Amino acid sequence: MSEAVISSQNLRDTVIEAVQSQEVTDIHTHLFTPPFGDLLLWGVDELITYHYLIAETFRKTEVSYEKFWRMSKTEQADLIWQTLFIENSPISEACRGIVTTLNELGLDVASRNLQSYRDYFASMKVEDYIDLVFNLAKVKEVVMTNDPFDSAERPVWLSEVSGDPRFQSALRIDPLLNAYHEAACDQLSAFGYDVDRSLSERALGEIRRFLGDWIKRMKPKYMAVSLPPDFQFPEASARGKIIEACILPVSREFNVPFALMIGVKRAVNPHLQLAGDGMGKADLTCLENLLRENQDNKFLVTLLSRENQHELCVLGRKFKNLMIFGCWWFMNNPSIIEEITRERIELLGLSVIPQHSDARILDQLIYKWKHSRQLIGNVLAEKYQDLLDSGWIATKAEIQRDVAALFGGNFYRFIE
Ligand code: HDL
Ligand code: ZN
């Protein structure tokens, strides 16, 4: 039996150490294993041209959208660096993340010499860099976002190449659910599935076959879709019909949870391209209905609106088939991470997945997890202290057990 943790400072140190040392499974990223080639983004110019920084740059620069999008990636990075790091202090979370990453890599942040950082990456092999980043970030494995409708990604899957086992897959089905008539129906026909626009019983069967084929091919940890804030279920729409007749039965048949990421408004400012998406507060009646009427299905859920988080926690208390995860996108900022981690622990104890990185660029794993570990560690230390103040003495082994559950154990148990 490991020694009991009894003094306050000893307790805090033990909690922080447990959080800092625990390897994490990152359950939602946009990273790709090396066989996907250039789809795996890494290096300082990719970091600087992350769409979060593009949006922030336009708030400070006089450069037009048209002129920016005509620039090369290097020219874009030069403008962003000059605008957000030199002419202004890189104080936002997305900017600070790059400073943290460069610092953790041991580069001379004080020099502010962008070319020297570029030289560092120019000498790096991607396979070596993956090892370096995973070790620095203490990431055990990441779950990718894999879209069978994507023209660049699809052929790699069809070539049946095997990648790095640290990169697991997730079957992303946004085109199927959000653009069936506009795109997916024709694409599925082209792929050899006998579907139709009216979603006849035959077509629904073919969509189930498509999902089964890709589950067998990808072996995904879950099926995921991002949904607008006005998503409703049940819904008299192609989306509602496909969820009811295809997603839910296939999810049960293959034991592949359905992940709903609700609250995104795509392209509220199209001039910003990938940086142009917005958000809205959702009506969570859709989740209540899905969870209540499908208690043999497993649902992973993350929401984009801060104002939805308390309701989501209450839903988590009502439905054990709901696993809440992460601080998604516009939620992934220290002030909100701290607030909702505290709220989740107070309402749900240790039965959530507190964070994912959403990393698009490999290097981001370093800062996204360093920042989140600090925040989650502080909240946990406070909560164990509250226990100690009431006489409950948590041992080091118990704290390590609890942190392991939050950083991967809950996920693996939920999907098994
Ligand atoms: O839909 C999603 O998975 C979102 O995470 C978007 O990819 C978004 O652009 C993003 O990267 N957010 O962090
Ligand atoms: Zn994402």
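Read-outs throughout are calculated quantities, based only on the coordinates presented, and are distinct from any laboratory measurement. Fair warning: this is a prediction, and the values are worked out from it, not measured in the lab. Quick reminder, even Gly has a Cβ in these numbers, built from the backbone with ideal geometry, and neighbours come from all protein chains shown.
I'd like the projected area of region 32-144, averaged over all directions, using the convex hull of its alpha carbons. Report it in nm² with one decimal. Before the final figure, lay out the partial values.
Numbers: hull surface 30.6 nm².
Result: 7.7 nm².
Testing the spin-label approximation: label points 7 Å from Cα along Cα→Cβ at residue 317 and residue 125. State their distance in nm.
With each label point 7 Å from Cα toward Cβ, the separation is 5.4 nm.
With springs only between Cα atoms under 10 Å apart, run a GNM on the chain and tell me which of 375, 347, 176 wobbles the most.
Between 375, 347, 176, it is 347 that shows the largest mean-square fluctuation.
Choose one answer from 142, 264, 63: the residue with the largest mean-square fluctuation in a GNM of the chain with alpha-carbon springs under 10 Å.
63
For the chain, what are the DSSP H helices with axial Cα length of 18 Å or more and mean Kyte-Doolittle hydropathy of at least -0.5?
Those that clear 18 Å and a mean of -0.5 are 8-21, 334-348.
Compute log10 of I(q)/I(0) for the chain with the Debye formula, placing one identical point scatterer on every Cα and leaving out solvent, at q = 0.09, 0.11, 0.13 Å⁻¹, to two decimals.
At q = 0.09, 0.11, 0.13 Å⁻¹ the computed log10 ratios are -0.59, -0.89, -1.23.
Let me check I've understood the local charge: for residue 212, count other residues with C-beta under 15 angstrom from its C-beta, Lys and Arg +1, Asp and Glu -1. What total comes out?
+2
Relative to the present Cα-Cα distance, how much length would full extension add between residue 158 and residue 140 at 0.36 nm per residue of separation?
My answer for the length gained is 3.8 nm.
For a test of the definition: using alpha carbon positions, the gyration tensor, and the 1.5 limit on a/c, classify region 258-334 as rounded, prolate or oblate.
prolate
Total Lys pairs in region 186-313 closer than 19 Å by alpha-carbon, pairs eight or more apart in sequence or interchain only?
5
Would you pull out the residues with amide H under 5 Å of residue 227's amide H, same chain only if 5 or more places away, H placed 1.01 Å from N?
261, 262, 263, 264
Take residue 190 and residue 75, extend 7 Å from each Cα along the Cα→Cβ direction, and tell me the distance between the two endpoints in nm.
3.1
From the backbone phi of region 264-271, what are the Karplus-calculated ³J(HN,Hα) couplings (6.51 cos²θ - 1.76 cosθ + 1.60, θ = phi - 60°) in whole Hz, Gly and Pro given as x?
Along region 264-271, the couplings run 8, 9, 6, 6, 5, 10, x, 4 Hz.
At 0.36 nm per residue, and after removing the present C-alpha to C-alpha distance, how many nm does the segment from residue 61 to residue 151 gain when stretched out fully?
Details: separation 90, 0.36 × 90 = 32.40 nm, distance 3.39 nm.
Computed gain between residue 61 and residue 151 is 29.0 nm.
So for the pair residue 335, residue 401, with labels modelled 7 Å out along Cα→Cβ, what separation do we get in nm?
The two pseudo-label positions are separated by 3.9 nm.
Starting from the Cα gyration tensor of region 315-416, take the square roots of the eigenvalues, sort them a ≥ b ≥ c, and report rounded, prolate or oblate (rounded when a/c is under 1.5, otherwise prolate if a/b is larger than b/c, else oblate).
prolate
With the contact rule set at Cα under 8 Å and sequence spacing of 6 or more, what percent relative contact order holds for the chain?
Relative contact order of the chain: 25 percent.
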